[in-house]
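Report on the structure given below.
Please treat every number below as a calculation from the coordinates, not as lab data. What you are looking at is a predicted structure, and each value in this text was computed from that prediction instead of being measured. Here Cβ is always computed from backbone atoms with ideal geometry, including for glycine, and neighbour counts include all displayed protein chains.
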Amino acid sequence: MNTPTLESSLAEIVSAKNVLTESEDIIPYSFDGTAAIKRLPRAIVFPSDAQQISEILKLARSQTPPVPVVTRGSGTGLSGGSVPVEGALVVCLAKMNRVLELDTANLTLLAEAGAVTQEIYDAADKDGLFYPPDPGSMRVSTIGGNVAENAGGLRGLKYGVTRNYVMGMEVVLADGSVCWLGNKCVKDVAGYNLRDLFIGSEGTLGIITKVLLKLLPKPAARQTLLATYAQMDAAAATVSDIIASKIIPCTLEFLDRKTIRCVEDFAHAGLPLDAEAVLLIESDGHAAAVADEAAQIEEIARKHGATSVRRARDSAAAAQLATARRSAFSALARLRPTTILEDATVPRSELAHMVRFVEGVATRHALDIATFGHFGDGNLHPTILTDERNTDEMHRVEAAMREIFDEALRVGGTITGEHGVGLAKKKFLPAQLGDASYTLLENIKRALDPDGLLNPGKIFD
Ligand SMILES: Cc1cc2nc3c(=O)[nH]c(=O)nc-3n(C[C@H](O)[C@H](O)[C@H](O)COP(=O)(O)OP(=O)(O)OC[C@H]3O[C@@H](n4cnc5c(N)ncnc54)[C@H](O)[C@@H]3O)c2cc1C
């Protein structure tokens, strides 16, 4: 009798149509949204539930040598998290994409991990409820990917990030056991908070198969404003003053001159082409509070020298501005063959300094860098427009990135505010964590995945 191959055993678990092994089928799974990193997996498998994933993990572990397993949502990650290890088995959750329950009594939503973020937002919205985290990729990214990266979004300033909305999850551990972490209780302090350990774990500790999310009542009103500046410092000062005035808008986004031009060329949203910087600001809540807040924000923006403050006249105009901001990455990506989008994050008080620092780095290394980002969160996206085939330029890119991360750390920031460490940033992590924290991280990985089966080589070696 022939010994079954890994591929034939996988087909027995999920059926042959849910296993890809031909090179033309697996190439699309050899990269994610991160520039210049590609590795071919051995096979792709599309499970339909936790039980199948459990069997897949047991099978991968039983091979000689064990086959590494890389979990994948939609592959929009920007730190190489779902880029396979060479020869790995990719477990793609794209077919586990149902919203399973909307509980209006408890304000929760239960979804399979492969559900697309936008569909979660829409399912809540239909019932007058609100799922706030809105990564720029939300039309494509999965909720499992959002949880695994602890994704942020444009509403992070007021509403926080994915972590703030995860009440529970189903996870398949490296040994194939399936566990539930968390529940619908608003308060629960039974034991260690294991649920939080898996948020932001980048597929290295377990495979998340279901997510229980907290919802909020939908805000009754919104007002979007676009403030234009002739100087970037004035935009940064506006942000500081808004926060110091105890106003927390839902959105406080920044685009620099280069990004404004690219986005306008791409999305035609009416952005001012002569501006040095713009702030996209949104206030939401009770109509009277929103009107009051918008008036105060406008006054602060003008006080700091905004050359114009425009209010979106209706929800369509507001959506157009938000879409323009969401298209920043795609718009910039048209300029050069390779787009490296970083997410160095600093305390808000250091924003103006950091934007200027990035400009200086670009000049020193003769690089094209555009910057936009979640200014209200101190989360910058310096975006390096380059060409990975140009070895000399890539050395300069590497040096520029190191300088940007070193400076972010020097002023009390972090190497990543929302995109995760993955492959792209693991060499910068020890400098941020220090020896004791780094060892603790490694020990946690060893305790949960002693054989290093899950997403090996990500976060650390
Ligand atoms: C245009 C664009 C805009 C973006 N905007 C934002 C933004 O505003 N904010 C932000 O935070 N990010 C943003 N991102 C980055 C990216 O979309 C997020 O990190 C997102 O959460 C990834 O989701 P995904 O389903 O594509 O996951 P993938 O890229 O497939 O995977 C990401 C990581 O999560 C792991 N993973 C995926 N699913 C699971 C699971 N079910 N269980 C365990 N591990 C899993 C993978 O192994 C990998 O390490 C953007 C990306 C693009 C391309």
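Rounded to the nearest 500, the 222 nm mean residue ellipticity of the chain from helices alone is -11000 deg cm²/dmol, with -39,500 (n - 2.57) taken per DSSP H run of at least 4 residues. By the beta-carbon count within 10 Å of each Cβ, the least crowded to most crowded order of ILE207, ILE243, ILE44, fewest first, is ILE243, ILE44, ILE207. The angle separating the long axis of helix 117-126 from the principal Cα axis of greatest extent in the chain is about 70 degrees. Footprinting exposure proxy ranking of TYR192, TYR121, TYR165, TYR438, fewest other C-beta atoms within 10 angstrom first, gives TYR192, TYR438, TYR121, TYR165. In this entry, the chain is assigned a mean projected area of 22.7 nm², taken as a quarter of its C-alpha convex hull surface. Distance between the modelled labels on GLN231 and HIS268, one decimal in nanometres: 3.6 nm (7 Å Cα→Cβ projection).
Taken about its Cα centre, the chain carries a charge dipole of roughly 320 debye when the Cβ of each Lys and Arg holds +1 and the Cβ of each Asp and Glu holds -1.
Look at the Cα gyration tensor of segment 24-105: its axes a ≥ b ≥ c give a/c of at least 1.5 with a/b at or below b/c, and that counts as oblate. Spacing of the modelled spin labels on SER177 and GLN296, each 7 Å from Cα toward Cβ, amounts to 5.1 nm. The length gained by stretching the chain between SER15 and VAL189 to full extension, at 0.36 nm per residue less their Cα-Cα distance, is 58.5 nm. Cross-link check: pairs LYS38/LYS58; LYS184/LYS218; LYS258/LYS425; LYS95/LYS210; LYS184/LYS458; LYS246/LYS303 evaluated at a Cα-Cα cut-off of 23 Å; pairs beyond the cut-off: LYS38/LYS58; LYS258/LYS425; LYS184/LYS458. In terms of its alpha-carbon gyration tensor, segment 325-398 comes out oblate; a/c meets the 1.5 threshold, while b/c is at least as large as a/b.
Cα axis of helix 287-303 to longest principal axis of the chain: angle in degrees, 0 to 90, nearest 10? It is inclined by approximately 60 degrees. For segment 29-182, the alpha carbon positions stretch 52, 35, 21 Å along the principal axes, listed from largest to smallest. This ranking places PHE198, PHE130 by how few other beta-carbon atoms lie within 10 Å of each, fewest first, which gives PHE130, PHE198. What the Cβ-Cβ distance of ASN164 and ASP392 gives, at R0 = 35 Å and to the nearest 0.05, is a FRET efficiency of 0.20.
Placing +1 on each Lys and Arg Cβ and -1 on each Asp and Glu Cβ, with no other charges, gives segment 220-358 a dipole about its Cα centre of roughly 280 debye. Helix 391-410 and the long axis of the chain differ in direction by around 70°, with both axes built from C-alpha atoms.
An oblate overall shape is assigned to segment 207-331, the ratio a/c of its alpha-carbon gyration tensor axes (a ≥ b ≥ c) being 1.5 or greater and a/b not exceeding b/c. To the nearest whole percent, what portion of all C-alpha pairs in segment 197-251 is separated by more than 15 angstrom? When all Cα pairs of segment 197-251 are counted, 71 percent exceed 15 Å.
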